[in-house]
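Take a look at the structure below.
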Amino acid sequence: MTSRRILVFAAGAAFLVAVAVTAQRLRAPAARGAARSAADAAYVSAHYRKREFSVPMRDGVRLFTAVYTPTDASPAHRYPFLIERTPFSVAPYGQQAYPPTLGPDRFTLRDGYIFVYQDVRGRYMSGGTFENIRPLLPDSVKARDPHATDEATDTYDTIEWLLAHVPGNDGRAGLWGISYPGFYAALGLRSGHPALVAVSPQAPVTDLWFEDFHHDGALTAGYFTAYPIFGMPRPAPTSDNWWLPAYERLQSLSRPDDYSWQLSLGPVGTFGARFYGGNTLWQDIVAHPDYDAFWRQRAVAPQLRGVTQAVLVVGGWFDGEDLYGPLAVYRALKALDPRAVVSLVMGPFGHRGWAAPDDGHTVTGDLFYGDSLAVRFQRDVEAPFFRAHLKGEGAPPAADALMFDTGRKAWARFADWPAAGATPRAYYLHRDGSLSTARPTEAGAFREYASDPAAPVPTRCKGPTLENYTLYMNDDQRCFDGRPDVLTFESEPLAADVTVAGPITARLAVSTTGSDADFVVKLIDVYPADAPDEPWRPDTTVRLAGYQQLVRGEIMPGRFRRSFDSPAPFVPNEPVAVSVRLQDVLHTFLRGHRIMVQVQSSWFPMFARNPQTYLPNPYDAQAAAYVRATERVWVGRDVSSEVDLPVLR
């Protein structure tokens, strides 16, 4: 894989960064700093010997596997395995071709492991057929058929073969992976191999209905160019990117202004048929518009039973792709098997940000959160986790939740997550635009706005383009305050700090003149008018006085208000309850700041437009189905709307 192609990937979207970096091993030296990259590359070539294998699975399919063994490995000096299974290529290929670094971080590199990289089934140089988010088979099926395979059996067979065929190993193995490789790490927990003792799923893809290609069933339109990577069938094993021509075609058609460009494409079903012919991922999405058995079978979290390995789950608060995954995996592991030793780390990072080299300043969007936070995580948490559980050296990091408070800009530890000391506090929406813990007293009160699919609310203030899928996650919202298609509710300046620690639920009472509608709820931290600027700012033109920081936002298709598997149309003008589940936060609204809530019905081009005409399958919508509608949010004494915040006391 060439540097040119890496840059092509990165130009598309943050989702493609996972492809581009291939576990950060294939970035050009300049991306990490020439001196550090040169030192790591020299260390790899001097201290590791590479071999390539074709590892047989129980059904006869062979998976391409690259193994990097420390040069001093011997019967007297053995090492554990540290394995990444990936759909993103284990390049560079060839036993004389070495990557510039190995492992999850440079500390682990120097600790010494037998690093293993494997192309998963049906990808690049491995045999077999690829299936997106391949579901686990029932245990009964695998018990009846010794040749039945899934990702758990492929993990088991890989470890078993490595133990028998790679000299210098000490009989222990660990798994790790970020994003899609995190999915394979999570399902590897179900392999049941006794040698597997430590696993770190990081931003794991967990359920494509709630993350990545959807949010609560709302299509992530911003992933327009990503479909070829995962949906173009591979004709034969190859070291090349067979999907690249289709991807480059989409890139050549797109424009810097992806708001107006995607708007010009028309109905989502129309451009899907135009651009994604033969794309299996797109076909799956169109064929399953509801949360049916197809999606439930592929949900990772409910399948994490019987896990006894040490687990380090990692995520980023500003991960626009896989924020759902780490939280869902952590909760499932804690709930399904109390024997599991599970830790959770959530930092102020975008997708993969905790794996970045130390660049001095930890920044997401406009905001600075501290110095060297990624490298401190790598040095103080990640490397000690593998060192303790795989090598038996040092004490493992505490099995708790290490969470970054994005308001205080400081780490906090909790015995479990969500924090046990957090209690629900309802903030009510009022007709005068205020937000308070007092219940509304006015009968029949509402606020309304016109939602027009021809002019949807943009995702970002900073221009008509997404730029990437992380920056919007804590963006300045000042441009939306006062828009006629956005309702704003704001508290008085806070007399004391308010720390929100856990998941957020907005309970709206709404009605619409249409038969379908989406509802977007945003929780915002409004800085005071005299807020000073940070000593260091990534963009010196941004002033923090009056800054409106997005703390958390989410979209909910109203068609799923009763159930994700049983959509229903709205009865025009009839008030109904719609709950919007926002992902967890740990954020302190500081004294003098205000809490703001915004409600709207589009968030484009991050999410596809709702036509606002109900159809059993929204991918069948034609241009005539896209209609302007008036949305009411009821905020009275009799029918009220609120946002429930878990406030830490």
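Coordinate-derived values only; no laboratory data. No experiment lies behind these values; they were computed from the predicted model shown. For neighbour counting, all protein chains shown are included, and Cβ atoms are generated from backbone atoms with ideal geometry for every residue, glycine included.
Please work out the FRET efficiency for the pair Val341 and Arg478, using the Cβ-Cβ distance as r and a Förster radius of 56 Å; give the result to the nearest 0.05.
About 0.80, to the nearest 0.05.
Identify the trypsin sites (Lys or Arg not before Pro) of region 119-188 meeting these criteria: DSSP loop state and at most 10 other C-beta atoms within 10 Å of the C-beta.
none
What are the lysines whose alpha-carbon lies under 28 Å from the alpha-carbon of Lys50, with same-chain residues fewer than 8 places away excluded?
Lys391
Under a point-charge model restricted to the Cβ atoms of Lys and Arg (+1) and Asp and Glu (-1), what is the dipole moment magnitude of region 318-407 relative to its Cα centre, in debye to the nearest 20?
440
Could you give the length gained by full extension between Arg408 and Asp371, i.e. 0.36 nm per residue of separation minus their alpha carbon distance, to one decimal place?
Result for the pair: 11.9 nm of gain on full extension.
Would you calculate a helix-derived [θ] at 222 nm for the chain, using -39,500 (n - 2.57) for each DSSP H run of n ≥ 4 and dividing by the full residue count, to the nearest 500?
Mean residue ellipticity, 222 nm, calculated: -5500 deg cm²/dmol.
I need the calculated FRET efficiency for the pair Thr129 and Ala415, taking r as the beta carbon distance and R₀ as 45 Å, to the nearest 0.05.
0.55
Simple spin-label model, 7 Å along Cα-to-Cβ: Asp530 to Glu160 in nm?
The two pseudo-label positions are separated by 7.1 nm.
What Kirkwood radius, in Å to one decimal, follows from the Cα pairs of region 387-440?
Its Kirkwood hydrodynamic radius stands at 15.0 Å.
If you compute Rg and Dmax of the Cα atoms in Å for the structure shown, which of (1) 24.6, 80; (2) 35.2, 97; (3) 35.3, 137 do you land on?
Recomputing Rg and Dmax of the Cα atoms in Å here gives the entry labelled (1).
Gain in length, Ala545 to Ala287, computed as 0.36 nm per residue apart minus the alpha-carbon separation, to one decimal in nm?
Extra length from Ala545 to Ala287 when fully extended: 88.1 nm.
When the C-alpha atoms of region 422-648 are aligned to their principal axes, what extent does each axis show, in angstrom, from largest down?
Largest first, region 422-648 extends 52, 42, 29 Å along its Cα principal axes.
Sorted by average packing, counted as other Cβ atoms within 10 angstrom per residue and highest first, what order do 529-535, 572-578, 643-649, 332-338 take?
Answer by packing, highest mean first, reads 643-649, 332-338, 572-578, 529-535.
With each pseudo-label sitting 7 Å past Cα toward Cβ, what's the Asn573-Leu250 distance in nm, one decimal?
The answer from the label model is 4.3 nm.
For Lys522, list the lysines whose Cα falls under 23 Å from its own Cα; do not include residues on the same chain fewer than 8 positions away.
Straight-line reach from Lys522, under 23 Å: Lys409, Lys462.
Can you figure out the FRET efficiency of Ala148 with Ala496, using R₀ = 51 Å and their beta-carbon distance, to the nearest 0.05?
Here the calculated transfer efficiency is 0.30.
Provide the gained length on full extension for the span Trp261 to Thr630, in nm with one decimal, where the gain is 0.36 nm per separating residue minus the Cα-Cα distance.
130.3 nm
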